[in-house]
Every structure is written in C-alpha cells, then in structure tokens.
Amino acid sequence: MPLPPGVSARDFQTVLRQFEAVVGKDWVFASDEDVELYRDSYSPFWHEPEDPVPSAAVAPDGVEQIQQILRIANNFKVPLWTVSTGKNLAYGGSAPRLSGSVVLDLKRMNRILEVNDRNHYALVEPGVSYFDLYRYTQEKGLNVFIDAPDPGWGSPVGNTLDRGGGHTPLRDHFSTLCGMEVVLANGDVVRTGMGALPNSRTWQQYKYGFGPYVDGIFTQSNFGIVTKMGVWLYPMPEMRFSGTVSVPKHDDLIPMVDTLSYLMNSNIVLGTTRVASSLTAQARDPELVALRSKPGGASIPELEEFLRRKNLPYWSIDLPFYGPTEVVPAQWAFAKRKFSAIPGVQFRDGATNKLPPSPEDLAKVANSVPLGVPSLAIFTAMERIGDGHIGLSPIVPMTGEAVFEVMDAFDKVIQEMGIHNVSVVPAGTYYPRSFFFLFNFPVVHNVEENRNMRSAFKRLVQVGAEHGWGEYRTHLAFMDDVANTYSFNNHALPRLHETLKDALDPNGILAPGKSGIWPKRLRKARA
Amino acid sequence: MIRPCVLLALLLPLAAFAADPAQAGREVYQKWCTPCHGAGLGKAGTEAAAAHGIKPAVLEQRTNLTPKMIETAVRNGVSFMPRFRKTEISNADLAAIVAYVGRK
Ligand SMILES: Cc1cc2nc3c(=O)[nH]c(=O)nc-3n(C[C@H](O)[C@H](O)[C@H](O)COP(=O)(O)OP(=O)(O)OC[C@H]3O[C@@H](n4cnc5c(N)ncnc54)[C@H](O)[C@@H]3O)c2cc1C
C-alpha cells in the first residue's frame, strides 16, 4: 500500500506504532488485506493506478483519542481522511481523495446521546447509522419520524456533512443540522451554535448561537473533524398520501412545474418527488424507436400523438403529502384545484399509509424510506445498473423550461460520446426551491469503458456549468473539476476556501483535496 | 456489593456467545445481512439471487454456502454489494455470521 506523500517508510512505521498506543492494536489497520477494505467499491478507476488507496486506517473511540491522533499526524504531516459510516458509495465510499492518506474511521463512535420527542431532535456521534437511530426510536417508543437517504446504512453525520438528501418533509439534511462539536486540526474542540454557551439548554433547538454562523464551513470541507451533531427530526405525522397528477402535452410541463413550485414552497406538498415522462417506460416500443431513429428524430407533436394513441400522459408527478388525517385530503383537494388550470390534466389517488406504519403495512411496501423507515431497497434498482455507479447531479432552476434545456443539452453529449446505460432521475425535489437531476453512470470493471465514462462525466460538468447548472456534490474523481466551475471573480470562492484551509490546518493534514480544497504544501496537485 | 454485579454484566454476553455462536450470529446477521438478503419485498440481494436463478434466494435458507464464500463476499464485495470494513463487521462478527448461516 502507498505511503503518505513525503513520509518515509520508517517514519510511517513510527506513526502506526504511535496510533496503536492511542487506540490499541486492534483499531489500526495497516495490512494490505485490511486497507483494501477502505477502497471505493464503486470506483470509476477499477484496475487503474489512479484508484485512490489509503496507506492505513485508524479507528478511535472518542474525542481525546482523535486529539492524540491529530498530534501525531501534525508531527509527521500525515494526511487523515475522515469518514463517519464510510458508505459514501457513488461519491467515493470510504476511500480518500489523496492516495496514501490514513482513513480516520469514526464508525466506533456510535453513541446516540439524546433523542427528544418533545422538541424533535437527536444528538448523535458519527458512527450512528440511520438504521441505528430508527431502532433506538422504536425501542424507546419515541414519537419522531426519520428522514433517511435511500440507503439506511449511512449516518446522519456523514450524510449531512456531504449535504445529502432524504425523501420526506425534512429532506434537505443540511437544513436539519442544529449544533455540532468539531475537533480542529490543532486539536481544539469547538461547539457551534448554542453549544458554545457552557451549560447551554438549547444546543439542538436554536441553530445560530451568536456571531458568525460557521456550521456550513465544516460541510463538504476539510476544516475539521465532526464528533457530534444535532439533527432535527420530524414529529410523527398521522399519515402519508400520494396522488398523481398527469398532463397530456409536452409544454404542459411549464405550468405543471410552476404549480408544483407553488405547492412545495407553500409547504402543502412535502417530500421528495420527481417529474416522470411516459416516454421513459415506452422507450423500447418499436413505433417510438422508429419515430426517434428517422432523420431529424421525432418531433414533439409526433411524440404527443404517439402517447395520445396509447392513452398515456406526457408528464406525471407523484405528489407526497404528510400530515393530519383531516388536513391531507384537503391539501390534495387544493392541489387538484391548482393543477386544474391545465387543460386535459388528470388525477389519480395513490397509496394512503397510516403512520407510523404497522409491521403488516411495512411488509406490503417495497421501499419503506418514504414512510420513515430506513431501508436498502434502493439497491433493487442496482441490478439494472450493474456493479456500481457514480452520480452526476446538477442543480437546475425549478421550471419546465429548465427541464427541457437540461435534457436536451445533456442528452446531446451522452449521445455524442457514445455512453450507454446512463439512467436518469429527472427533476427531483430533494432540495427546496430547485430541481436536482441525477444521472447515474455505471461503473464497470473495464478500463476503457470507465475512461470514456469519466471523459463524458467531465464534459457534462463543463456543459452544465456553461448553462449555469452546478454540481451539488461529486465523486472524489471530479472534485477538482467541479470546484473549478465555481469560478466567479477569478475563483474567489475557492481562494477563500484555501485561505481558511491554510489558517485552520497549516500542516495540511485534514482530507487534502476534499471538494477541490488542497493545503498549501499539496496545492500543485490541483487538476 | 457492586463488584460482582459489574463482573456479571461483563460476563453475560461472552457466556451467551460461547454457549451458542449461531444465536449470536443471528443478531449480527439481522443487523447487517437481512436488509438486503432477507425475505419479503425490497431485498436487493434476494432479488439479485432470484434473477440469477439461485435457489433458495433468501441467503439464510441456503445450505451450500461455505465459510470461505461468506467471508469473501463480506470482505471483497459481490457486484454492487460493497466490501465491509472491520469496524462494521469485525472478524468475530463475521465468524458469528458464518456459524449462523451454516447452522443447518
Ligand atoms: C444506490 C444508492 C442510493 C443513494 N441514495 C442517496 C440518497 O437518497 N441521498 C443521499 O444523500 N445520498 C444517497 N447516496 C449516496 C451515499 O450513499 C449517501 O449519501 C450516504 O449516506 C453517504 O455515506 P455516509 O452517510 O456513510 O457518509 P460518510 O461516508 O461517512 O461521509 C461522507 C463524507 O463526509 C465527510 N465526513 C464524514 N464524516 C466526517 C466527519 N465526522 N468529519 C468531517 N468530515 C466528515 C467525508 O468527506 C466523507 O467522505 C446513494 C448511494 C447509492 C449507491
């Protein structure tokens, strides 16, 4: 396995012995076999030398051990890549950006410090998974509802720090963050928000404390090691209902999205949904294939006519509603009234679920995440994708026009570059006020195919940026590319990040390269 | 008076483990394996096995899994199933899973 850059084999052995003295022999992983476990299982660099490989991993069990590890890492300038549950699949798993980094694996710090169901929040350590949190709330009979990302084995801390999203009303996880404990590179322990007030009584109830609000700088960054996090939970709603709205014509998407935006921004439709087109399910219909493969492709009126003959809508959206049993039907009625302005609109009642779901109800659903029960059901979709995937996920305006533009621009590049098998989750509402597109690029164990896929990915990052659509998060392999697109005023924002990096971590030991932020001594590594 | 109680608390899980490793494995199995390999809807490992004609598709019901096969799957991953680190599934946990799956 590689050594940390600039560290001799002898010094590295000393580092490992010192780590062992801190955490015990069992929690330092340096054999090839053990280090292998930290590589990215969905790496776009399979069998290529660029595949990032750590030099070792160390798993502390508390803040004091982290402080001691930092002292050693500072002494020897050993880079540390922090993971909480390390399940960041599609974005790098538990692998570091820089080969030779030591993974600081916080999975052992898995204490649930508090779950409060009067004010609806939790205070957790990094190793607590969504599954753990759910089990705990069940065992204690707490009246809270968990908003998990699709895979429940990730953590509130790791997912929130990478600004992930869920599927229910609270879905934008950064917006649920309320107070953190962070260990800085020099070992100083900082509590943010009200946590800075000794004996604070509201650390998890009021986010901002006093003075500059710094929580954001510890997300998608390498400025500190988060050791505790407060997250807001949703009070258990009485029910979930989903109703589908469908429209017949291509351009109907414009008023349809405007209405969706109105309903979501008014907190009437709550939770993650997406725009769907009947053309996706019909993609293999011979008539549609013939229409699309004629010179110039299919025109919009031809596609509309094709769908009309099959009695299918052009667009549809499932609207999720969460709330009291008296209120949800009224919200659905109101939503129908608003959408009725679109000629030819149709409505269909979907599933109604009482919350919390009973075990019998749970047994009837394929994916329980929208019902507040963490799951791994999303992986049933992976059978179609293959051995893994990475996600290209631009944030775009929440308008029908933007949906047309994105599909058009990205489709062109994907076709031109001959990339097959890309699956798209179009126009999702993981984050309020904007759309989130997710293009899943399959990762295969074939060097040539992965190379082509990576060039298409990079090209799409550029094309997106040229249109004003930025990536919300990215895989290790594209962090520099994405950071470079946030270039207003001669890269003023990345330069600010670097200024902060140099001030907070002068030896450059914390996660070099995360989000394109390199410490001074490694800055030449920027792509 | 306090000492014996503390000792007893420490000894209990070990004793339980020694008495029936397969039982200890059941808990680990349910935590780490059931979400994908259990019975019922939305179980990706079970669905993938069924799609490949593997019978029975529910892992726990299989009788032809060797310890090596289980260890390799957990530490190397299989297709979209990732590798599991030792901080997630320790060697002792893995041995318990092997004992549980191989109990038949
Ligand atoms: C099929 C599939 C579906 C997915 N669906 C979703 C989804 O619905 N929503 C979603 O958001 N994601 C999704 N993902 C992506 C990813 O799996 C999740 O976001 C997952 O929760 C991230 O892993 P984690 O929680 O274990 O975080 P970790 O891997 O522990 O952390 C993520 C990153 O945050 C930083 N970090 C972690 N802990 C610390 C710390 N204590 N201090 C400082 N920095 C830290 C590190 O840079 C780390 O790489 C999906 C992935 C797959 C494969």
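The values are calculated or read from the model by the stated rules, or taken from the named source; none is laboratory data. Remember, it's a predicted structure, so these values are computed and weren't measured experimentally. Heads up, the Cβs are rebuilt from the backbone with ideal geometry, glycines too, and the neighbour counts pull from every protein chain shown. With ligands, DNA and RNA removed, areas are computed over all heavy atoms of the protein, side chains included. Shrake-Rupley method; radii C 1.70, N 1.55, O 1.52, S 1.80 Å.
Residues considered: A:PRO512, A:PRO519. Of these, the only one that is open to solvent by less than 30 Å² (accessible area, probe 1.4 Å), within 14 Å of the ligand (Cβ to nearest atom) and at pLDDT 95 or above is A:PRO512. For the stretch A:386-401, does any single residue satisfy the condition of being assigned to a helix (DSSP H, G or I), at pLDDT 95 or above, more than 12 Å from chain B (Cβ to nearest Cβ) and under 25 Å from A:GLN462 (Cβ atoms)? The answer is yes, given that some residue of the stretch A:386-401 is assigned to a helix (DSSP H, G or I), at pLDDT 95 or above, more than 12 Å from chain B (Cβ to nearest Cβ) and under 25 Å from A:GLN462 (Cβ atoms). Of the residues making up the stretch A:109-132, those that are touching a residue at least 24 places away in the same chain (Cβ under 8 Å) and over 30 Å from A:VAL443 (Cα atoms) number 14.
Evaluating A:MET109 against the criteria (1) under 21 Å from A:LEU184 (Cα atoms); (2) within 14 Å of another protein chain (Cβ to nearest Cβ); (3) open to solvent by 10 Å² or more (accessible area, probe 1.4 Å) leaves one unmet condition, (3).
Which one is nearest to the other protein chains (Cβ to nearest Cβ), of the residues in the stretch A:348-376 that are in a strand (DSSP E or B) and buried (at least 17 other Cβ atoms within 10 Å of the Cβ)? Give the steps one after another, and end with the answer.
Within the stretch A:348-376, the first condition is being in a strand (DSSP E or B), and the residues that meet it are A:348-354, A:375.
Going one step further and asking which of them are buried (at least 17 other Cβ atoms within 10 Å of the Cβ), we end up with A:353, A:375.
Details: A:ASN353: 14, A:SER375: 6 Å.
Applying the filter and picking the extreme gives A:SER375.
Filtering the stretch A:293-338 to residues that are assigned to a helix (DSSP H, G or I) and closer than 19 Å to A:LEU253 by Cβ leaves A:ILE300, A:PRO301, A:GLU302, A:LEU303, A:GLU304, A:GLU305, A:PHE306, A:LEU307, A:ARG308, A:ALA335, A:LYS336, A:LYS338.
Scanning the stretch B:39-76 for residues that are under 11 Å from the mean Cα position of the chain (by Cα), buried (at least 18 other Cβ atoms within 10 Å of the Cβ) and more than 10 Å from every other protein chain (Cβ to nearest Cβ) turns up B:LEU59, B:GLU60, B:ILE70. Counting only helices (runs of 4 or more DSSP H) that sit completely within the stretch A:426-527, those holding 2 or more residues that are within 29 Å of A:ASN186 (Cβ to Cβ) correspond to A:479-485, A:488-504. Just name the residue that is nearest to the chain's Cα centre (by Cα) out of those in the stretch A:186-228 that are basic (Lys, Arg) and either surrounded by fewer than 20 Cβ atoms within 10 Å (Cβ to Cβ) or more than 20 Å from A:VAL63 (Cα to Cα) (or both). Residue satisfying both the conditions and the ranking: A:LYS207. Taking the conditions exactly as written (of a type outside the set (A, V, I, L, M), near the ligand (Cβ under 10 Å from one of its atoms) and not assigned by TED's automatic domain parsing to the domain that holds A:ALA148), does A:SER101 satisfy them or not? Taking the combined requirement at face value, the residue does not satisfy it. In the stretch A:166-185, of all residues being assigned to a strand (DSSP E or B) and crowded, with 24+ Cβ neighbours inside 10 Å, the one that is nearest to the ligand (Cβ to nearest atom) corresponds to A:MET180.
Looking at the stretch A:136-148, is at least one residue within 15 Å of A:SER84 (Cα to Cα) and either of a type in the set (S, T, N, Q) or open to solvent by less than 20 Å² (accessible area, probe 1.4 Å) (or both)? No; the residues of the stretch A:136-148 include none that is within 15 Å of A:SER84 (Cα to Cα) and either of a type in the set (S, T, N, Q) or open to solvent by less than 20 Å² (accessible area, probe 1.4 Å) (or both). Taking the stretch A:117-165 as the range and being among the basic types (Lys, Arg) and either within 14 Å of chain B (Cβ to nearest Cβ) or near the ligand (Cβ under 9 Å from one of its atoms) (or both) as the test, the residues that pass are A:ARG135, A:ARG163. In the stretch A:38-93, of all residues being open to solvent by 10 Å² or more (accessible area, probe 1.4 Å) and among the aromatic types (Phe, Trp, Tyr), the one that is farthest from the chain's Cα centre (by Cα) corresponds to A:PHE76.
Could you please find all residues in the stretch A:20-33 being within 14 Å of another protein chain (Cβ to nearest Cβ) and crowded, with 17+ Cβ neighbours inside 10 Å? If the condition is that a residue be within 14 Å of another protein chain (Cβ to nearest Cβ) and crowded, with 17+ Cβ neighbours inside 10 Å, then A:VAL23, A:TRP27, A:VAL28, A:PHE29, A:ALA30 are the ones that fit. Across the stretch A:190-233, which residue is farthest from A:ILE72 (Cα to Cα) among those that are away from the ligand (no atom under 13 Å from the Cβ) and in a strand (DSSP E or B)? Ranking the candidates gives A:TRP232 first. Take A:LEU496 and tell me if it is within 14 Å of the ligand (Cβ to nearest atom), more than 14 Å from chain B (Cβ to nearest Cβ), modelled with pLDDT of 95 or more and over 25 Å from A:THR272 (Cα atoms). Spelling it out, it is not the case that A:LEU496 is within 14 Å of the ligand (Cβ to nearest atom), more than 14 Å from chain B (Cβ to nearest Cβ), modelled with pLDDT of 95 or more and over 25 Å from A:THR272 (Cα atoms). Note on the stretch B:91-104: residues that are within 19 Å of A:ASP34 (Cα to Cα), open to solvent by 30 Å² or more (accessible area, probe 1.4 Å) and not charged (D, E, K, R) total 3.
Checked against (1) under 31 Å from the mean Cα position of the chain (by Cα); (2) buried (at least 21 other Cβ atoms within 10 Å of the Cβ), A:LEU303 passes all but condition (1).
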